[in-house]
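Below is one structure, written out as structure tokens; comments come after it.
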Amino acid sequence: MAEIRIENLRKQFGSFAAVEDSSFTVHDGEFLALLGPSGCGKTTTLRMIAGLELPTSGKIYLDGEDVTFNRASARDIAFVFQLFALYPHMNVRRNIGFPLLSQGVPKAETRARVEETARLLQISHILDRSVSGLAGGDRQRVALGRAIVRRPKCFLMDEPLGTLDAEFREVMVHELRELHNRIHATTVYVTHDQHEAMAMADKIAVMNHGVIEQYGTPQEIYSRPASMYVADFIGSPPMNFLRFTSGLKNGATAVRVGEAEIVVPEVRADKQEGEVALGVRPEHIRFNDASRLRGAIYGSEYLGTNQIVSVETMQGMVKARVSSDQTFRIGETVGLDLASEKLALFDCVSGKAIPSSLYQEARHG
Ligand SMILES: Nc1ncnc2c1ncn2[C@@H]1O[C@H](COP(=O)(O)OP(=O)(O)OP(=O)(O)O)[C@@H](O)[C@H]1O
Ligand SMILES: [Mg+2]
């Protein structure tokens with residue numbers, strides 16, 4: 001087991017910076033998800049930790065030891081790829097045991113460790129089957145087995161569920177988290193899928209163009225996004241933004257959006273000029289005829305347990321998640337109530353969250 005720490009890690013390909021000034025610590029036994037859209041530098045970060053790519057600058061520590069210039073094979077890290085190649089001419093048992101064979105581990109020990117790994121992954125019953133006939137989920141379990149059997153200090157996984165169909169993915173998300181609860185191996189898991197990250201990770205690093213925009217627990221990232229980018233990337237539908245112009249002052253506890261005065265968590269910014277956005281999650285909006293924040297029903301999407309209702313306001317389209325037994329007419333005018341203690345404020349120029357009592361708590365909590 002091990003702690004991974006990266007400090008000011010940077011990777012440049014020619015003049016293009018794929019990863020910029022990344023710093024974070026994955027504590028012993030923790031599961032970190034590196035989350036972001038295609039091309040944001042997730043794989044590059046992982047490859048540097050694995051030792052498959054040399055950083056342009058910055059440091060990588062494994063259990064406090066500087067491994068920045070150590071070869072991959074000297075790092076005791078297991079890397080699970082999206083398209084993990086199994087040896088088609090070997091059965092499951094030999095595929096899982098292969099890394100031990102190449103390390104010269106005695107046969108009896110190899111056998112015991114392969115069987116223990118298979119039990120962990122609940123694939124004992126297929127140990128003597130050929131891998132060529134296996135379904136996607138089982139192939140991925142075998143691939144994981146090959147990583148686990150080595151008992152590495154930590155696991156790096158690059159979209160390991162990317163090729164599975166939706167049903168298998170859901171099963172594997174659950175299984176991977178269960179497995180992590182059992183073996184507590186320090187893990188860095190790369191994904192572009194917010195649901196995977198939220199469901200599995202202890203901590204999430206949200207990446208954007210090579211930069212880590214926010215690092216925190218899934219709860220922190222969801223409820224106190226550090227930027228409009230994070231607020232928009234996380235949540236489905238994402239956070240709504242109601243833009244308005246105000247000279248927002250320190251101590252403000254209400255803002256004027258169109259005709260409505262909206263109570264917000266106390267603002268801790270000295271002064272804010274220019275365009276500001278009020279951020280509200282769909283589940284923090286209620287319909288209330290008395291509200292002066294008004295809009296016209298644009299449409300609704302029925303989801304069974306609830307529905308997503310789109311409302312066109314003067315500040316743009318707003319999506320509300322409300323109970324599915326409410327009915328609306330398209331074009332009908334409604335009033336919107338926003339849950340004041342949950343609202344975030346953002347500077348539209350920098351895109352950063354404006355400090356407020358909501359965010360103050362986060363730092364101390
Ligand atoms: N060897 C390389 N040479 C030049 N550019 C590279 C190289 N490897 C990666 N890049 C570029 O660096 C950026 C980050 O790539 P990376 O593979 O880390 O992204 P990613 O977040 O893993 O994306 P995806 O979700 O598509 O896998 C991309 O713009 C990519 O084109
Ligand atoms: Mg990638």
The strands (runs of 3 or more DSSP E) lying entirely within the stretch 6-90 that contain at least 2 residues which are in the same structural domain as residue 147 (by TED's automatic domain parsing) and within 13 Å of ligand 1 (Cβ to nearest atom) are 16-26, 31-35
Hey, could you check the stretch 308-356 for residues that are touching a Pro at 6+ places or on another chain (Cβ under 6 Å) and charged (D, E, K, R) and say which is surrounded by the fewest Cβ atoms within 10 Å (Cβ to Cβ)?
-> 321
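Going residue by residue through the stretch 39-48, is there one that turns out to be within 19 Å of the chain's Cα centre (by Cα), aliphatic (A, V, I, L, M) and either surrounded by fewer than 19 Cβ atoms within 10 Å (Cβ to Cβ) or at pLDDT 95 or above (or both)?
The answer is yes; a qualifying residue exists.
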Just a yes or no: is a residue in the stretch 167-190 within 16 Å of ligand 1 (Cβ to nearest atom), within 29 Å of residue 73 (Cβ to Cβ), of a type outside the set (Val, Ile, Thr) and modelled with pLDDT of 90 or more?
-> yes
Please identify the pairs in which a residue from the stretch 293-318 that is closer than 21 Å to residue 244 by Cα has its Cβ atom under 6 Å from the Cβ atom of a residue that is in a strand (DSSP E or B) and acidic (Asp, Glu), counting only partners at least 6 apart or on another chain.
-> 295/312; 296/312
Sort out which residues of the stretch 207-222 are surrounded by 19 or more Cβ atoms within 10 Å (Cβ to Cβ) and within 16 Å of ligand 2 (Cβ to nearest atom), and write them in order of number.
-> 207, 210, 212
Considering the stretch 10-39 alone, what residues qualify as being within 16 Å of ligand 2 (Cβ to nearest atom), within 28 Å of residue 184 (Cβ to Cβ) and of a type in the set (A, V, I, L, M, F, W, C)?
-> 19, 32, 33, 34, 35
Enumerate the pairs (first residue in the stretch 26-41 and more than 13 Å from residue 207 (Cα to Cα) and in contact (Cβ under 8 Å) with a residue 24 or more places away in the chain; second residue anywhere and outside any loop (DSSP other than H, G, I, E, B) and among the charged types (D, E, K, R)) with beta-carbon separation below 7 Å, excluding pairs fewer than 6 apart on the same chain, so at least 6 apart or on different chains.
-> 30/203
Failed condition for residue 242, given (1) within 16 Å of residue 355 (Cα to Cα); (2) buried (at least 18 other Cβ atoms within 10 Å of the Cβ); (3) outside the structural domain of residue 25 (by TED's automatic domain parsing) = (1)
Select from the stretch 132-164 the residues that are assigned to a helix (DSSP H, G or I) and either among the polar types (S, T, N, Q) or within 16 Å of ligand 2 (Cβ to nearest atom) (or both) and write down the one among them that is farthest from residue 65 (Cα to Cα).
-> 132
Could you tell me whether residue 281 is basic (Lys, Arg), buried (at least 17 other Cβ atoms within 10 Å of the Cβ) and either in contact with a helix residue (DSSP H, G or I) (Cβ under 7 Å, 6 or more places away or on another chain) or in the same structural domain as residue 243 (by TED's automatic domain parsing) (or both)?
-> yes
For the stretch 330-348, the count of residues that are at pLDDT 95 or above and assigned to a loop (DSSP other than H, G, I, E, B) equals 5
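The values are calculated or read from the model by the stated rules, or taken from the named source; none is laboratory data. Please read all numbers here as calculations on a predicted model, not as lab measurements. Virtual Cβ from ideal backbone geometry, glycine too; neighbours counted across all protein chains shown.
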